[in-house]
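So the structure is just underneath, and the comments pick up after that.
The values are calculated or read from the model by the stated rules, or taken from the named source; none is laboratory data. Note that the structure is a prediction, hence the values are computed from the model and not measured. Cβ coordinates were reconstructed from backbone atoms using ideal geometry, including for glycine residues, and neighbour counts include every protein chain displayed. Each accessible area value is taken on the protein alone, full model and side chains, heavy atoms only, with ligands, DNA and RNA left out. Shrake-Rupley method; radii C 1.70, N 1.55, O 1.52, S 1.80 Å.
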Amino acid sequence: MTFSRPERRGCALAGQRDASYQARFSGTVSVVRARHDLLVTHNGRPVKGTRLCVNTEMIGMTGMGYTDSGREIAPGRYQVAFQFGMAGTYRGNVVVDAHGHEVSIPMNFKVVPPGR
């Protein structure tokens with residue numbers, strides 16, 4: 001499992017895709033916020049008590065990638081500590097530990113500038 005590989009510092013980069021899992025940020029993703037909440041579901045139900053990593057990169061920009069392990073703050077709600085350096089469109093990959101195997105959940109999202 002890549003979650004336990006030391007070079008990944010506890011954060012998996014990819015896993016098997018499974019369309020029954022969904023992820024989205026709750027609320028506006030802004031460059032002024034240092035933490036963001038992520039909602040994760042499996043077949044429409046909150047994914048509870050799992051290890052989770054989020055890997056992102058800004059589309060069209062090198063060097064604008066972020067990776068962090070999520071911390072569960074409520075059932076199906078995880079917090080990641082990203083302070084995005086630039087507004088724009090990002091693509092991401094949420095990886096959850098689903099009963100011993102890693103599942104990748106792709107997502108795209110916008111990061112807005114201050115004042116929006």
By how many nm would the segment from Ala34 to Ala81 lengthen if fully extended, with 0.36 nm per residue of separation less the alpha-carbon distance?
16.3 nm
Taking 0.36 nm per residue of separation and subtracting the Cα-Cα distance, what length does fully extending Asn43 through Arg24 add?
5.4 nm
Environment charge of Ala98, counting only residues whose C-beta is closer than 14 Å and scoring Lys/Arg +1, Asp/Glu -1:
+1
So, counting K/R as plus one and D/E as minus one, what does the shell of residues with Cβ under 11 Å around Tyr78 add up to?
+2
Starting from the amide H of Val29, placed 1.01 Å from N in the peptide plane, find each other amide H under 5 Å away whose residue is 5 or more places distant or on another chain.
Val112
In Å², and per residue, what accessible area does the chain have when probed at 1.4 Å with the other protein chains present?
56
Cβ-placed point charges (K, R +1; D, E -1), dipole of the chain about Cα centre in debye, nearest 20:
240
In whole percent, how big is the carbon plus sulfur part of the accessible area of the chain, probe 1.4 Å, protein atoms only?
49
